[in-house]
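The values are calculated or read from the model by the stated rules, or taken from the named source; none is laboratory data. Here the structure is a predicted model, which means the values were calculated and not measured. All Cβ positions, glycine included, derive from the backbone under ideal geometry; neighbour counts span all protein chains shown.
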Amino acid sequence: MASTNPDSPATVTRLLHAARDGDPDAFDRLVTQVYDELRRLARHHLRQHRQSLCTTELVHEAYLKLADHAETDWQGRAHFFSIASRAMRQLLVDHARKRNAQKRGGDWQRTTLTTRHLGVSVAWDELIALDDALDRLDTVDTRLRKVVEHRFFGGMTENEVADVLDVSTRTVQRDWRKARAWLYKELYPNYQ
């Protein structure tokens, strides 16, 4: 029996599949259905990174990125939010790069960002370094990069990450520890 709850994973998945199959209105209906959840995700990102973007701007910019990929072979609700989280991360990194470019122009101020997940402080220029380190981590172990993206940038629980990656929660816990250690060595080589 199909769910009648418009926010249910089954409804979201149905709309994602309709968008993938070419229904021109399905993606917009989907975003309307999950807009509050996208705003929660954006607030999570913005709290971690203290960007000058507002929640609405980040959600709308992410929507534009996602709309370009509406025909993606979506796996379901968790996959959609995983991709939405990655889009938001990319937007924040782009914003940080622009801000870092202003540094050379003179009106840049150093701002420290704290993250309870990595256990370190991340400054604006270090956000860019983190993004670059994630690209390097991807060449070492793609799943570790995905775990970091989902946990750190997406604010997903270990169980949610396990569902998205189709692995056990214990595997996610091990990967999370490995990825944090690897990133810490990459970002702070002088503190070992």
Residue ID - surrounded by the most Cβ atoms within 10 Å (Cβ to Cβ), chosen from residues in region 140-156 that are closer than 18 Å to Gln75 by Cβ and of a type outside the set (Asp, Glu)
Val147
So which residues in region 10-37 are in contact with a Ser or Thr (Cβ under 8 Å, 6 or more places away or on another chain) and at pLDDT below 85, if there are any at all?
Ala10
For region 130-192, give me every one of the helices (runs of 4 or more DSSP H) that falls completely inside it and has 3 or more residues that are free of Cβ contacts under 8 Å to residues at least 12 places away in the same chain and over 24 Å from Arg40 (Cα atoms).
169-187
Any chance you could count how many residues in region 7-30 are touching a helix residue (DSSP H, G or I) at 6+ places or on another chain (Cβ under 8 Å), aliphatic (A, V, I, L, M) and surrounded by fewer than 21 Cβ atoms within 10 Å (Cβ to Cβ)?
2
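Can you name every residue in region 31-41 that is within 19 Å of Asp68 (Cα to Cα) and either surrounded by 21 or more Cβ atoms within 10 Å (Cβ to Cβ) or of a type in the set (Val, Ile, Thr) (or both)? Working first, answer last.
Taking region 31-41 and keeping what is within 19 Å of Asp68 (Cα to Cα), we get 31-35, 38.
Across region 31-41, the qualifying residues are Val31, Thr32, Val34, Leu38.
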Check Thr56, Thr32 and return the single one that is in a helix (DSSP H, G or I), free of Cβ contacts under 8 Å to residues at least 12 places away in the same chain and either among the polar types (S, T, N, Q) or on the phi > 0 side of the Ramachandran plot (or both).
Thr32
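What number of residues within region 64-78 are under 13 Å from the mean Cα position of the chain (by Cα) and surrounded by fewer than 17 Cβ atoms within 10 Å (Cβ to Cβ)?
To start, the set of residues in region 64-78 that are under 13 Å from the mean Cα position of the chain (by Cα) comprises 65-66, 78.
This time we only want the ones that are surrounded by fewer than 17 Cβ atoms within 10 Å (Cβ to Cβ), so: 65.
Residues that pass the stated criteria total 1.
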